[in-house]
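Step one of this worksheet: look at the structure below.
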Amino acid sequence: MARLTIECAGGAALPGEAYLSQTPLLRLHAGTQPDLFLRWNTVPLSATSIDVIVHLHGFSQQGGEMPLSEKVSRSGLDLSRRERPSLALLPRGNWIRHYYYDFPALLAGGIDALVDYGIEQFARALPARSALRLDRLILSAHSGGVMPALDIVAEAARPPDELYLFDGLYGRDPRLGEPARDLPIVDRWLGDRLAHEPSRPGALRIVYIERQTGPLSREVAGLIGKRLARTDPAFAADLARRYRVERSGAPHGYIAAICLPELLADPAAAFDWSRV
């Protein structure tokens with residue numbers, strides 16, 4: 001297993017990225033190596049905590065031969081405008097068949113273990129081997145990674161502060177799952193998340209294309225509307241900017257690459273689709 005190399009100067013770890021192979025948590029995921037991508041922004045060596053962004057990729061036409069780099073390029077994991085010390089993780093999913101991937105290793109609290117592992121690898125590469133704790137957790141997912149993200153949220157010990165779902169609320173095949181469970185998962189997470197507002201602000205941003213993910217996306221919009229209607233009117237406008245569902249003005253394959261950098265800079269960002 002390769003070790004991270006981090007360049008430091010001026011009392012800080014400089015922005016960088018790396019691939020790791022044979023990640024213990026992901027050993028049962030079928031697919032290629034390396035299996036974990038990491039990217040970080042400027043992190044002061046005096047920092048005691050760090051934000052972590054986990055992105056779940058979608059399906060791949062390359063099937064089990066997909067290199068992780070294919071998903072990095074369109075992930076949207078751009079930390080260049082993010083001011084808080086942050087570490088991004090992109091794990092390679094588990095190839096099932098054809099072009100399908102899922103993320104079984106991240107269920108049952110596996111995402112918590114992945115976050116801890118990522119922070120540990122990063123901290124061990126710093127000059128003083130500083131101990132870092134998790135501050136904010138951000139979970140994003142695109143396409144086929146979105147439905148697994150809901151199951152991961154339902155079973156995580158540390159639910160995400162921010163949840164970004166890009167054109168992947170397809171619903172479930174009734175033969176393979178429980179289609180009625182998805183809305184309750186979102187509603188429970190949303191209720192818990194809003195209970196921490198405004199002292200610990202969060203976000204839920206969903207971007208969809210009507211043809212396949214419109215129906216469930218619009219149902220989630222209804223849940224958000226009901227929840228926000230019960231919040232303090234003094235905070236309603238701000239919450240509505242950070243918790244919302246909207247149609248995409250970009251093709252499916254580019255939504256995460258366009259939207260996630262904006263949201264990592266500002267969870268209330270308005271997307272300018274005219275520039276696409």
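The values are calculated or read from the model by the stated rules, or taken from the named source; none is laboratory data. Worth saying up front: this structure is predicted, and the values here are computed from it rather than measured. For neighbour counting, all protein chains shown are included, and Cβ atoms are generated from backbone atoms with ideal geometry for every residue, glycine included.
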- Task: Go through the residues of the range 226-234 one by one and say whether even a single one is at pLDDT 95 or above, closer than 26 Å to ALA257 by Cβ and either in contact with a Leu (Cβ under 6 Å, 6 or more places away or on another chain) or buried (at least 21 other Cβ atoms within 10 Å of the Cβ) (or both).
- Result: no
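Residue by residue, here is whether (1) among the charged types (D, E, K, R); (2) touching a Lys or Arg at 6+ places or on another chain (Cβ under 6 Å); (3) free of Cβ contacts under 8 Å to residues at least 40 places away in the same chain holds:
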| residue | (1), (2), (3) |
| --- | --- |
| GLY31 | no, yes, no |
| TRP40 | no, no, no |
| VAL43 | no, no, no |
| SER49 | no, yes, no |
| LEU56 | no, no, no |
| GLN62 | no, no, yes |
| MET66 | no, no, yes |
| TYR99 | no, no, no |
| ASP112 | yes, yes, no |
- Query: What do you reckon, is LEU4 under 22 Å from ILE111 (Cα atoms) and in a loop (DSSP other than H, G, I, E, B)?
  - Reply: yes
- If you take the residues in the range 59-85 that are surrounded by 15 or more Cβ atoms within 10 Å (Cβ to Cβ), modelled with pLDDT under 95 and under 17 Å from the mean Cα position of the chain (by Cα), which one is nearest to TYR100 (Cα to Cα)? PHE59
- Query: Quick check: anything in the range 9-28 under 17 Å from ALA256 (Cα atoms) and either outside any helix (DSSP H, G or I) or touching a residue at least 60 places away in the same chain (Cβ under 8 Å) (or both)?
  - Reply: no
- Please indicate, with yes or no, whether at least one residue in the range 39-47 is part of a loop (DSSP other than H, G, I, E, B), touching a helix residue (DSSP H, G or I) at 6+ places or on another chain (Cβ under 6 Å) and modelled with pLDDT of 95 or more. no
- Item | the range 87-144, residues that are assigned to a helix (DSSP H, G or I), within 22 Å of ALA9 (Cα to Cα) and of a type in the set (Gly, Ala, Ser) | GLY118, ALA123
- Query: What are the pairs, 6+ residues apart or on separate chains, where a residue within the range 115-130 that is at pLDDT below 95 and among the polar types (S, T, N, Q) has its Cβ under 6 Å from a residue that is surrounded by 12 or more Cβ atoms within 10 Å (Cβ to Cβ) and part of a helix (DSSP H, G or I)?
  - Reply: SER130/ALA123
- May I ask you to list the residues in the range 195-208 that are under 19 Å from the mean Cα position of the chain (by Cα) and of a type in the set (A, V, I, L, M)? ALA203, LEU204, ILE206, VAL207
- Message: Being surrounded by 17 or more Cβ atoms within 10 Å (Cβ to Cβ), within 18 Å of the chain's Cα centre (by Cα) and either free of Cβ contacts under 8 Å to residues at least 12 places away in the same chain or not in a helix (DSSP H, G or I) (or both) is the filter here; which residues of the range 249-267 pass it?
- Response: GLU262, PRO267
- Item | Residues satisfying the stated conditions in the range 82-97, i.e. within 19 Å of ASP161 (Cα to Cα) and out of contact with any Lys or Arg (no Cβ under 7 Å at 6 or more places or on another chain) | ARG82, GLU83, ARG84, PRO85, SER86, LEU87, LEU89
- Query: Given the conditions (1) modelled with pLDDT of 95 or more; (2) outside any loop (DSSP other than H, G, I, E, B); (3) within 23 Å of GLY110 (Cβ to Cβ), which single one is not true for ALA157?
  - Reply: (2)
